[in-house]
């Protein structure tokens, strides 16, 4: 040790850990395109970059990535996205898997590589056109439940069909019933182009998040679509009345209505509704906030894994995350939240095994889905007639 004489200072690490967040609605989109490298997730920031990497064609039924590229970058002006071109224009290629002989992942299996490649957590999984296939939707749901084995997100899906009355029974029979799935119907039309609604809903979600510091506490419902109409699979115009749209909402299906100001997303509920009544499973915004807060917890405290299990570590995690939750509360992004280290959830045998648990309590705001005004005739105001005559 060097000889010293005088007064010195040393800087210690800050005891409060700043939260590490990511783009809450980062889309992971798999489909087909005219060119580009197959089964290679690409983080794309502009339309020009997307066209350069994957090519472009107006034949969206064959080249499904092109539909999303045009909608997300051109119509909604949102970025970034992660795009993946599939080995072929087939359901099997979209689903993908692990090729043991080649030692590589394909299709939807690649979503697990995004965080390790870009340090970004996908927030929305999409497969335009292909999400109408129950097998594809099932894999999308499974991946949304476990990204890189720890993170979580949602999957945007579409339903086929020509009549709104057919959609609820199709949803149930094809097992679109998860709180991590959003089911959309019908298609969206703008000019001479027709889009799957999930493509547009993703743009609306990203635009809505962007206007709220990337915190997903606002539902996409009642937000404007870039649309001039909706059509069914046969190409016939679909005009949903409020009653018809509400019927689909009551069955956990998101749709669109033409209301004051233009075409709007209509629906707050995930596919878990009406079978479930748990707010974190049935409300889109509450589901996404739970994922956002959970993913932030993992991202923030990953650096603390394998540190000595001490009182100081426990206090630092509790203090840091309570500050974070208090900040969300102050901005009314949640109604309240706290984190606790509970004795009843941390038994001696677990602590001896190096397992430590923290209990996070949080209440995101539900959407104000129904606002009622009560009108009553009040005869007391007739007395104003007497005072008016006397004056």
Hull surface divided by four, with the convex hull built on the Cα atoms of segment 56-145: how many nm²? 6.5
Burial-style ranking of 197-205, 163-171, 282-290, average other-beta-carbon count within 10 Å with highest first, yields 197-205, 282-290, 163-171
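How much of the calculated P(r) for segment 227-348 lies past 18 Å, in percent of all Cα pairs? Mind showing how you got there, number by number?
Numbers: 5023 of 7381 pairs.
Summing the P(r) of segment 227-348 above 18 Å gives 68 percent of all pairs.
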Where does the chain land on the Kirkwood hydrodynamic radius, alpha-carbon pairs, in angstrom? 23.1
Highest average packing first - 297-310, 58-71, 370-383, Cβ atoms within 10 Å: 58-71, 297-310, 370-383
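Quick one: plug the Kirkwood hydrodynamic radius of segment 279-391 (C-alpha pairs) into Stokes-Einstein at 25 °C, 0.890 mPa s, and report D in µm²/s.
Taking Rh from Cα pairs, D becomes 136 µm²/s.
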Which FRET efficiency value, to the nearest 0.05, is calculated for residue 146 and residue 98 with the Förster distance at 22 angstrom and r the Cβ-Cβ distance? 0.90
Area projected by the alpha carbon convex hull of segment 158-202, averaged over all directions, nm²: 3.5
Please express the shape of segment 188-277 as an equivalent ellipsoid: the semi-axes are the square roots of 5 times the eigenvalues of the C-alpha gyration tensor, given largest first in whole angstrom. 21, 18, 11
Using Cα pairs closer than 8 Å and at least 6 residues apart in sequence, work out the relative contact order for the chain, in percent. 14
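Would you kindly calculate the translational diffusion coefficient of segment 100-190, applying Stokes-Einstein with the Kirkwood radius from alpha carbon pairs, for 20 °C and a viscosity of 1.002 mPa s, and quote it in µm² s⁻¹ without decimals? Don't jump to the answer; show the numbers that get you there.
Details: Rh = 14.2 Å.
For the chosen part, D equals 151 µm²/s.
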Taking the chain and counting helices only, DSSP H stretches of n ≥ 4 at -39,500 (n - 2.57) each over all residues, the nearest-500 ellipticity at 222 nm comes to -8500 deg cm²/dmol
When each pair of different Cα atoms in segment 156-230 is counted once in the 1/r mean, what is the Kirkwood radius in angstroms, to one decimal? 13.6
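FYI, it's all coordinate maths here, none of it is from the lab. Note that the structure is predicted; figures quoted are calculated from it, not measured. Here the Cβ is made from the backbone with ideal geometry for all residues, glycine too, and neighbour counts use every protein chain on show.
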